[in-house]
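First comes the structure, then the notes that go with it.
The values are calculated or read from the model by the stated rules, or taken from the named source; none is laboratory data. Because the structure is a prediction, the values reported are computed rather than measured. With ideal geometry, Cβ positions are generated from the backbone for all residues, glycine too; neighbour counts draw on all protein chains shown.
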Amino acid sequence: MKQKIIETKISIYNFDELSTEYQILINKSKEQVLKAYAPYSLFHVGAAIELDNGEIFCGSNQENSAYPSGLCAERVAMFYANAQFPEIAVRTIAISAYTNGNFLAEPITPCGACRQVLLETEMRFEKNITVLLYGTEKVYLIENIKQLLPLCFEKSSLNN
Ligand code: THU
């Protein structure tokens, strides 16, 4: 029997330690939670994406009375960005969440379906996407999406 251990590197920052570029992107994701449509979960999520050309696209979660028809903030933002600039790679994504009158103290972590979609964009442009996960107590920085989705299913898996 053999074992394989898979590790994810998470750099943990105080907000004030981050670069101005990252602080701006996080603040945009925080502003975006105000635009969420989340009457069912009351869990408001904002995502801000910076492209390689400096453009920033934001999204918030959009819920629906038929629950599965709604969409997470990350996918709203990523599909929006990719639809506007299909040739431009994504540099960074920042994610924040707000519920019960507060931003989460611990960093928000994206759901599995969003990780899969973010991975597709990372692979599509063959460029790492930096992930900033905001919490009031700390911010997680992860260097690429692949680390968020080990043992992933991706394009090359189809040719195995
Ligand atoms: N949600 C997001 O938008 N992003 C996440 O990373 C986690 C969950 C949304 C989906 C749903 O509208 C609400 O948060 C509760 O799950």
Write out, first by first residue and then by second, each pair whose Cβ atoms fall under 7 Å of each other, whose residues are 6+ apart or on separate chains, and whose first residue, in the stretch 51-71, is on the phi > 0 side of the Ramachandran plot while the second is of a type in the set (Phe, Trp, Tyr) and more than 11 Å from the ligand (Cβ to nearest atom).
none
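Of the residues in the stretch 1-53, how many are surrounded by 10 or more Cβ atoms within 10 Å (Cβ to Cβ) and either hydrophobic (A, V, I, L, M, F, W, C) or away from the ligand (no atom under 16 Å from the Cβ) (or both)?
From the stretch 1-53, those surrounded by 10 or more Cβ atoms within 10 Å (Cβ to Cβ) are 8, 10-13, 15, 17-18, 21-38, 40-53; that's our starting set.
Now restrict to residues that are either hydrophobic (A, V, I, L, M, F, W, C) or away from the ligand (no atom under 16 Å from the Cβ) (or both): 8, 10-13, 15, 17-18, 21-27, 33-34, 36, 38, 42-43, 45, 47-53.
Of the residues in that region, 29 qualify.
Results for (1) more than 25 Å from GLU31 (Cβ to Cβ); (2) surrounded by fewer than 17 Cβ atoms within 10 Å (Cβ to Cβ); (3) among the aromatic types (Phe, Trp, Tyr), shown as yes or no for each residue.
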| position | (1), (2), (3) |
| --- | --- |
| TYR67 | yes, yes, yes |
| PHE85 | no, yes, yes |
| VAL90 | no, no, no |
| CYS111 | no, yes, no |
| TYR140 | no, no, yes |
| ILE145 | no, no, no |
| PHE153 | yes, yes, yes |
| ASN160 | yes, yes, no |
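Tell me whether the stretch 71-85 contains one or more residues that are part of a loop (DSSP other than H, G, I, E, B), away from the ligand (no atom under 16 Å from the Cβ) and either modelled with pLDDT of 95 or more or touching a Phe, Trp or Tyr at 6+ places or on another chain (Cβ under 8 Å) (or both).
Yes, the stretch 71-85 contains a residue that is part of a loop (DSSP other than H, G, I, E, B), away from the ligand (no atom under 16 Å from the Cβ) and either modelled with pLDDT of 95 or more or touching a Phe, Trp or Tyr at 6+ places or on another chain (Cβ under 8 Å) (or both).
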ASN128 passes all but one of the listed conditions (1) buried (at least 18 other Cβ atoms within 10 Å of the Cβ); (2) closer than 24 Å to PRO150 by Cα; (3) without any contact (Cβ under 8 Å) to a residue 60 or more places away in the chain; (4) of a type in the set (S, T, N, Q); the exception is number (1)
What number of residues within the stretch 54-70 are over 16 Å from ILE129 (Cβ atoms), of a type in the set (D, E, K, R) and more than 10 Å from the ligand (Cβ to nearest atom)?
0
Condition first: part of a loop (DSSP other than H, G, I, E, B), more than 9 Å from the ligand (Cβ to nearest atom) and touching a residue at least 60 places away in the same chain (Cβ under 8 Å). Can you find one or more residues in the stretch 101-119 that meet it?
no
Looking at the stretch 24-70, which of its residues are assigned to a strand (DSSP E or B) and either closer than 22 Å to ALA89 by Cα or among the charged types (D, E, K, R) (or both)?
GLY46, ALA47, ALA48, ILE49, GLU50, LEU51, ILE56, PHE57, CYS58, GLY59, SER60
Test each condition in (1) within 23 Å of PHE43 (Cβ to Cβ); (2) in contact with an Asp or Glu (Cβ under 8 Å, 6 or more places away or on another chain) for ASN64 and report the one that comes out false.
(2)
